[in-house]
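Let me begin by presenting the structure, written as structure tokens, before commenting on it.
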Amino acid sequence: MRAVSLVAFVVVLAVIGTTSASVVRPFTLQELYSTAQLVVVGEVTGQTTFWNEAHDTIYTEYLVKPERVVKGEAPAEVRLRLMGGSLDGKTLTVPGNAPVEEGERVLLALRDQGSFQTLVGMSQGKWSLRSVDGKDRAWRGPRLQAFEPLRDGEVLLDDLLDDMQRNPGRMP
């Protein structure tokens with residue numbers, strides 16, 4: 001019995017020793033903009049969750065209909081791919097990923113991966129949008145009810161885009 005416990009302990013140590021976490025450095029607004037190949041404002045119109053070819057990682061691909069292209073050339077439908085999701089009774093959650101919901105309006109800073117796009121800086125490359133009194137406002141957070149403003153109070157989308165394009169070194 002003691003030998004089995006020792007073997008189990010060694011296996012646990014080996015697994016812990018090989019496990020690592022990814023750390024994403026903070027990007028300034030200018031860095032997000034300059035790193036992105038595509039910056040768009042759009043609406044999330046659908047999503048598909050699937051396994052990779054090795055059947056060991058779940059991905060969710062969100063379809064985004066661009067309303068406004070800020071940088072780059074957008075296809076008629078942007079395919080935002082994020083690692084994670086729920087499929088076949090299994091769930092993969094990736095810390096640092098931005099929550100995305102169907103029907104949500106978003107501002108995205110994207111890297112082109114050929115047939116799909118990924119976020120620059122994980123959740124740093126995604127803002128949720130809503131219109132208040134005819135003006136678009138940008139927020140970071142999972143849902144409208146629990147949003148945290150980017151700065152004190154509200155952030156107008158146009159002001160955020162101006163900062164992103166003009167002010168290097170400014171943090172969101």
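The values are calculated or read from the model by the stated rules, or taken from the named source; none is laboratory data. Model, not experiment: these values are computed from the prediction. Cβ atoms come from the backbone with ideal geometry, glycine included; neighbour counts cover every protein chain shown.
Brief remarks on what is shown
- Residue within segment 43-50 that is loosely packed, with under 14 Cβ neighbours inside 10 Å, closer than 20 Å to N97 by Cβ and modelled with pLDDT under 90 present: no
- Close pairs (7 angstrom Cβ cut-off, 6 or more residues apart or separate chains): surrounded by fewer than 20 Cβ atoms within 10 Å (Cβ to Cβ) in segment 94-116, in a loop (DSSP other than H, G, I, E, B) and of a type outside the set (G, A, S) anywhere: G96/V24; P99/P142; R111/Q37; R111/V120; D112/Q37
- Unmet requirement for T91, which otherwise passes all of (1) β-branched (V, I, T); (2) surrounded by fewer than 18 Cβ atoms within 10 Å (Cβ to Cβ); (3) not in a strand (DSSP E or B): (3)
- V64 being surrounded by 13 or more Cβ atoms within 10 Å (Cβ to Cβ) and within 18 Å of R140 (Cβ to Cβ): yes
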